[in-house]
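Student: Please see the structure below; I have some questions.
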Amino acid sequence: MKYLNCLLDVISPSFCSFCGSVIAYESSGVCKKCADKLLPYETCAEDSNPPDLKKIYYDKIYSLWKYNLYSRTLVSEFKNKNNLSISEYPAKEFARIIKEEKLNIDILTCIPISRAKLRKRGYNQAEYLSKKISINTGIPYDQTLKSLFAGGEQKKLDYNDRFFNTLGKFILNADVRGRSIGLIDDVMTTGATINEASRILKQGGALKISVFTMAKVEPFVYESV
């Protein structure tokens, strides 16, 4: 893998998403000088304590960065512009967290996207990241969920409507009975999409769900993103 990355640096150099300087492939889209613009979200996992008493189905969430202008830029480059090298750092960090927290995870999976979005984008960024984490941890990846419809854009909806918009969006695509799941997505905003996916997994018999996201919107900030 190291030699492959070196080859990619030669034939297809990567550039910092913020200042444009040339960087190594495994630098995940940002140079060392600009890396401090990515603010760590939290040093430990967040328990699922819903402030509005909605039932939360996931058990823990681990997020690398606060969702700000800079992390949003990286996520957008990864999600919409085929800059897959951005997954390198998050994949290694999540592998480290899984090891250090001694998380007993049987399957890695991700938030699926609709066929229409997959045709338009060409890939599911959460699936790509999940498979990278799988390589780094040895935990098998399985697409346990299937998206039934695209739904309206979440960013155009208020807090409660985001939860209603995701109901019935996913169906189970694999046997998860008795399994502990690592659920991956790029960003957590209100948590509506992640919560609905977790609900379906728990209904299917999953024991525990640990969520991993590159970035997370701080409470009461989501309305502006």
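Student: Residue by residue through region 112-126, what is 3J(HN,Hα) from phi via Karplus (6.51 cos²θ - 1.76 cosθ + 1.60, θ = phi - 60°)? Round to whole Hz and write x for glycine and proline.
Tutor: x, 10, 5, 4, 4, 5, 5, 5, 5, 8, x, 6, 9, 4, 5
Student: I need the calculated FRET efficiency for the pair Ser21 and Glu218, taking r as the beta carbon distance and R₀ as 25 Å, to the nearest 0.05. Show your work: numbers first, answer last.
Tutor: Numbers: r = 29 Å, r/R0 = 1.17.
It comes to 0.30.
Student: Ranked highest first by the average count of other Cβ atoms within 10 Å around their residues, in what order do 121-128, 205-212 fall?
Tutor: On the way: 121-128: 17.2, 205-212: 21.8.
Peptide ranking by packing, descending: 205-212, 121-128.
Student: Using a 1.4 Å probe over the heavy atoms of the protein chains, calculate the carbon and sulfur portion of the accessible area of region 51-129 as a whole percent.
Tutor: Details: 1980 of 4130 Å².
Here carbon and sulfur together make up 48 percent of the probe-accessible area.
Student: Which order do the peptides 190-201, 95-106, 62-73 come out in when sorted by mean C-beta neighbours inside 10 angstrom, highest first? Display every interim value, and only then the final one.
Tutor: Values: 190-201: 22.7, 95-106: 14.3, 62-73: 18.7.
Output ranking for 190-201, 95-106, 62-73: 190-201, 62-73, 95-106.
Student: Filter Lys81/Lys102; Lys33/Lys132; Lys32/Lys202; Lys37/Lys169 down to the pairs with a C-alpha to C-alpha distance above 32 Å, please.
Tutor: Working: Lys81/Lys102 34 Å; Lys33/Lys132 25 Å; Lys32/Lys202 40 Å; Lys37/Lys169 35 Å.
Table pairs above 32 Å Cα-Cα are Lys81/Lys102; Lys32/Lys202; Lys37/Lys169.
Student: Further, regarding this structure: With the full set of protein chains in place, find how many percent of the accessible area of region 181-222 is carbon and sulfur; take the probe as 1.4 Å.
Tutor: Numbers: 620 of 1170 Å².
The nonpolar share, carbon plus sulfur, comes to 53 percent.
The values are calculated or read from the model by the stated rules, or taken from the named source; none is laboratory data. Values in this document were obtained by computation on a predicted structure and should not be read as measured data. Glycine also receives a Cβ, built like all others from the backbone with ideal geometry; neighbour counts cover every protein chain displayed. With ligands, DNA and RNA removed, areas are computed over all heavy atoms of the protein, side chains included. Shrake-Rupley method; radii C 1.70, N 1.55, O 1.52, S 1.80 Å.
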